[in-house]
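Quick notes on the structure that follows.
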Amino acid sequence: MNKEIWPRAALLIFFSVLCFFILVPFYAVTISSFKPGEELIRYGLNLRLDLSVMSLDNFIYLFTGSHSYFMWFFNSLLLTIVQVSLTLIVSATVAYGFAAYEFKGKNMLFICVLLIMMVPFEILLLPLYTLTYNIGLMNTYSAIVLPGIASAATIFFFRQYLRGVPSEIIQAGRVDGASEYGIYIRLILPVMKPSFAAMAILNGMNSWNNFLWPFMVLSDANKYTLPIGLKTLLTPYGNNYDLLIVGSFFSIIPIFVLFIAFQRYFIDGMTAGAVKG
Amino acid sequence: MIRKFLYSQKVAPYVFVLPFILVFLIFWVYPLGSSLGMSFQQIQLGQEAEWVGISNYDKLLGDGIFMKAVLNSAVYMVLTLVILIPLPMLFAVLINHKFMWGREFFKSSFFFPALTSVVVAGTIFRLMFGEMEGSLINSILGWFGIEPVKFLKGQVTGFIALLALAAWRWTGVNMLYFLSGLKNIPDEYYEAASIDGASSFQKFMKITMPLLKPTTIYVITISIYAGLAMFIESMMLWNGNNSPKNIGLTIVGYLYRQGIERNNLGYAAAVGIVLLAITMVINLSQLTLSGMFKKEE
Amino acid sequence: MIKKWFVGFLVLAMTMLWGCGGSNNAGGTSSVIDGGAGEDATELSYWTFVELHGQHFEKMLGKWNQDNPDRQIKLNVTVMPYDDMHNKLSIAVQSGTGAPDIADIELGKFPDFLSGTPQLVPLNDVIDPYRDTIVQSRVDLYSKDDVNYGVPTHVGASVAFYNTEILEEVGVDYKEIVTWEDFKRAGMKVYEQTGKYMGTADTSASWQASMLLAQQGADYTDEAGNPQVNSEAMIRAMTVLKDLQDNQVIATIAGGQPDTEEAYGEFNAGNYVSAFMPLWQMSRYTNYMPDLSGKIAIAPIPVIEEGMPRSVGGGGTGTVITQTAKDIQLAKDFLAFAKLSLDANKEIWNTLGFDPVNMDVWEMKEVTHNPENAFVQYFVNNPFDVLNEIRDEIQLIKSTPATPTINNILSTTTYNEIFEDGKDITQALNDAQQQIEQELK
């Protein structure tokens, strides 16, 4: 026991120091969310706890003031739920196709999946933009959801996961007379639950925080998502820091709740879907 | 009849992968093709396009600002690889140590920054690295008697801010990738090594590192991608796409500047194609070197 | 079990994706102003990058709806950051989709919207009735081939803003500052006694450079509109500023120029004594620098040699109507009413603190010296006393197709090289010229 105490303490101290650096920005934002925006402009973002200038005013303004924050919040929530659900379902289906069958062109198609994972989406911004315009999806959420609906990274991950699922399940299903789709829906999907949790968190993060593409596609201010909305506050001609900081603080909460709720499955899911040789 | 056809074991796989094929064709192949076509044209939205051959590429070669952007992106990518591969791997191994207290708490805290949006995180870091005396970093430097630094106006200091942001957001994520890789290494290997009298360091080099290789390759691949495609981080840190002396300009930033800000679509498309080429060359050679393709078969 | 939530999610997701298109009113943005309009009012959308501009329109909208009961309007105002608004607008206008009916375009970006065939509505017919009363050169800025595409907001005469509290402390009278030499002497005194800087060396905007060029009767472009940023006059302008910086009179500021939020903070804290900005900077003082109320005096800008013109029109916003606007005639009539009528010009001063393009207003004492006016109250002296003194000296910097590129290179790279890195002025300007030519090729 005595022999263990030193390594234990060393590890604890090491990680506590790291943790401190990681949490400092959160602390600064939390402190600042209680200070008036002017204070921030005048003295910068800092760690100073000065109770005389701190108040709940920003929070009161957040919840009662006239601004679009909660509209953005709601839009983001909606878009995230829609996008994550559809992406997970579609990607899982595709992954199952890759994992469970041998078919002509499979290898070539899977190489396409791998290639997509390496192509920066950003280079397609302009042609995708014109495409979106041509098919009349400008200023719609569909334009945001559809291009990512069969997400390469998610397909790849699910396929990895499914490789660990015994093929006897499928055989047994066939013997019982289930159709190919019935096997997938009744037998395979339930087994994939932990991997869904992991992917829900990763995709949820991406979707909740997605900025560039939605920003380009959406022109109607009533459809703005939270990151876009928060960015509109970043103008010298608005005096918006009151809302910006408290809004930033508040925007972390939903994704945090999602993370805490699924965290249990998260690491397990990631582990099972991990890249194996 | 149709039902029977669709339900046959031969057709079912195609039905399963159909969404991918559609998305791939509509949202990747077609735009990539039109991007390639655009790069040989002089196009402005709302006006007739005009074929100009390779003159866009020709112009790129002589464009100092584009070269600056390429250099910035490349340096950023290399530095993120240097920071965001070994450190998270080390942290993962340490946090996985059997003597670790409070493992779950630390895992969550490390992951926490990744949950913030780049817009939010970038703004926070912009304010933290502000040049005023009272800004967070400068006030900390002040405790050590160091004069305030204009972080976001200098090349090196600007990159420090950029990398700090990247490290802050991604250390936890990469650590989790490595942790999940570690979980797949059977304990017996370590036990056997212990019996043979191997030291912790030897175990790390001989067991952990080689068996983490697939995970490492995966993390390197996505890091190369993320490093070369970085844009929003820079945009938020400098509150716009025009950093002083373009110290924060990236390839995608230049694509955005030419395509969106200047309405110079053909030229921007050429920038995109060059970025694609760079990414593919780096990633494919990385994967070939690490023997990824041999295993895939 | 998993099947249930899977199906539930799917149904939920699909209904939300396809069903959410029309339910926009639920959020209830505060940005629709109705100005007392009734049910039948036409709703027009308006984009701007300055929140205050919306407030001006709100006032004028009330009057319009009262005067025109059969042509009432509701205005849906969207405020976006400068860069984002112009980028989005540019795409929307060029692609013919998603553009608002009315939009503000800043002078520096305006030429981009005039390239090729402008996708904006010609406004000559609604400007004509007011042409005699307004400064023609401000309209010309937003024109191509004699077609007017934008309605100006103000003259933007550049003036100096001095913090009199600090100047009095060191015994300097701002009224005696006539040339940059005077300014330098005063500034050295300020720095010696207080350690504060007399002014800013701007790295992210061209206001100061424009002023110094205009004093010499020069411009960024030659007669034909070709960029010429390494001219003798430009070198001289930069040399004057660099000399001030070397003598601790001016220094670079957080944010890079006085019209940024970081700079507001610095000024408010009294770290910089003076700013040289177009008159609209007044509203930044009243809005963002409350601590300086009653301390700021307005004066003509120092000149290189006595007798040189003391001001230049700086910045500006052309309000435009897009080709895709819902009711073009209605939008045009309202726009002219809201920005060019005599009432509008008075309100532009009252609400925005701008120097209106109808110069007759400059002489209406009851408007300009109204003791109720927030700007009159804030500043030590009355801005119009200064404006009327310099009204015949206000120069113009041309707006050409090369202007956006010139602005971009100078204010991202060149000024930083000169004032932050101490790069040789001639070298920096030659490099800039070369880069600009390369980009415009």
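Could you tell me whether the range A:37-144 comes out rounded, prolate or oblate from its Cα gyration tensor? Rule is a ≥ b ≥ c as square roots of the eigenvalues, rounded for a/c under 1.5, then prolate if a/b exceeds b/c, otherwise oblate.
Because a/c hits 1.5 or more and a/b exceeds b/c, the range A:37-144 counts as prolate.
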Under the rule of at least 5 residues apart or a separate chain, name every residue whose amide H is placed under 5 Å from the amide H of C:Q395. C:S311, C:V312, C:G313
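To the nearest 0.05, what FRET efficiency results for B:Y30 and A:D176 with a Förster distance of 41 Å applied to their C-beta separation?
Working: r = 42 Å, r/R0 = 1.03.
Efficiency for this residue pair is about 0.45.
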For C:K184, go through the aspartates and glutamates and keep the ones whose alpha-carbon is under 16 Å away, minus same-chain ones fewer than eight residues off. C:D173, C:E176, C:E192, C:D243, C:D246, C:E305, C:E306
Please list, or write none, the lysines whose alpha carbon is within less than 20 Å of the alpha carbon of B:K213, excluding same-chain residues fewer than 8 places away. A:K276, B:K183, B:K203, B:K294, B:K295
Determine ³J(HN,Hα), in whole Hz, for all residues of the range C:275-290 in sequence, where each value follows from phi through the Karplus function 6.51 cos²θ - 1.76 cosθ + 1.60 and θ = phi - 60°; x replaces Gly and Pro. 9, 10, 8, x, 4, 5, 4, 3, 5, 5, 4, 5, 7, 10, 10, x
Reciprocal mean inverse distance between Cα atoms of the range B:40-290 - Kirkwood radius, Å: 20.7
Using a cut-off of under 18 Å, list every residue of the range C:285-328 whose amide N is near the label point 7 Å from the Cα of C:T97 along the Cα-to-beta-carbon line. C:323-326
Just to be sure I understand the curve: with the Debye formula and one point per C-alpha of chain A, what is log10 I(q)/I(0) at q = 0.13, 0.15 Å⁻¹? -1.04, -1.19
Once phi for every residue in the range B:28-39 is put through the Karplus expression 6.51 cos²θ - 1.76 cosθ + 1.60 (θ = phi - 60°), the whole-Hz ³J(HN,Hα) values, with Gly and Pro written as x, are 10, 5, 4, x, 4, x, 5, 5, 4, x, 4, 5
A correct fewest-to-most ranking of B:W101, C:W64 by other Cβ atoms within 10 Å would be B:W101, C:W64
Let me know the mean shielding of A:109-118 by other chains, meaning the per-residue number of their Cβ atoms within 10 Å of its Cβ. 5
Show which aspartates and glutamates lie in cross-link reach of A:K35 when reach means a straight Cα distance below 15 angstrom and same-chain residues fewer than eight apart are skipped. A:D50, A:D57, A:D242
Too-long pairs where the Cα-Cα distance tops 23 Å, listed order kept, from B:K153/C:K196; C:K365/C:K398; C:K326/C:K346: C:K365/C:K398; C:K326/C:K346
Counting only residues 5 or more apart in sequence or on a different chain, those whose built amide H sits under 5 Å from that of C:Y197 are C:V273
How high is the relative contact order of chain B? Use alpha-carbon pairs under 8 Å, at least six apart in sequence, and give a whole percent. 28
Surface/4 of the Cα convex hull for the range A:1-53, nm²: 4.8
Out-of-range pairs (alpha-carbon distance over 22 Å; input B:K245/C:K109; A:K223/C:K332; B:K68/C:K423; A:K231/C:K339): A:K223/C:K332; A:K231/C:K339
Per the C-alpha gyration tensor (a ≥ b ≥ c, the square roots of its eigenvalues), chain C is rounded if a/c is under 1.5, else prolate if a/b beats b/c, else oblate; here it's prolate
A:I169 versus B:L71: modelled label distance in nm, points set 7 Å from Cα along the beta carbon direction: 5.4
At most 14 other Cβ atoms within 10 Å and a DSSP loop assignment: could you name the trypsin sites (Lys or Arg not before Pro) in the range C:121-176 that fit? C:R131
For C:I253, A:I111, order by how many other beta-carbon atoms lie within 10 Å, fewest first: A:I111, C:I253
Give the average, rounded to an integer, of partner chain Cβ atoms located within 10 angstrom of each Cβ in B:133-140. 6
Sort largest first and round to whole Å: the equivalent ellipsoid semi-axes of the protein assembly as shown, each the square root of five times a Cα gyration tensor eigenvalue. 53, 34, 27
Can you give me the long-range amide H partners of C:T319? Hydrogens built in the peptide plane at 1.01 Å from N, cutoff under 5 Å, separation of 5 or more residues or another chain. C:I105, C:V151
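Rank these for me by crowding, A:D242, C:D146, C:D431, going from fewest to most other beta carbons within 10 Å.
Result, fewest neighbours first: C:D146, C:D431, A:D242.
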At 0.36 nm per residue, and after removing the present C-alpha to C-alpha distance, how many nm does the segment from C:Q434 to C:V178 gain when stretched out fully? 88.6 nm
What shape does the range C:322-441 have by the C-alpha gyration tensor, where a ≥ b ≥ c are the square roots of the eigenvalues, rounded means a/c under 1.5, and otherwise prolate means a/b greater than b/c and oblate the rest? oblate
Could you run the Karplus curve 6.51 cos²θ - 1.76 cosθ + 1.60 with θ = phi - 60° over the range C:426-441 and give me ³J(HN,Hα) per residue in whole Hz, x for Gly and Pro? 4, 4, 4, 6, 4, 4, 4, 4, 5, 5, 4, 4, 4, 5, 8, 4
For B:220-232, mean number of other protein chain Cβ atoms within 10 Å: 3
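Since every read-out is calculated from the coordinates, none of them should be taken as a lab result. Everything numeric in this text was worked out from a predicted model, so none of it was measured. Please note: Cβ atoms are built from the backbone with ideal geometry, for glycine as well, and neighbour counts cover all protein chains shown.
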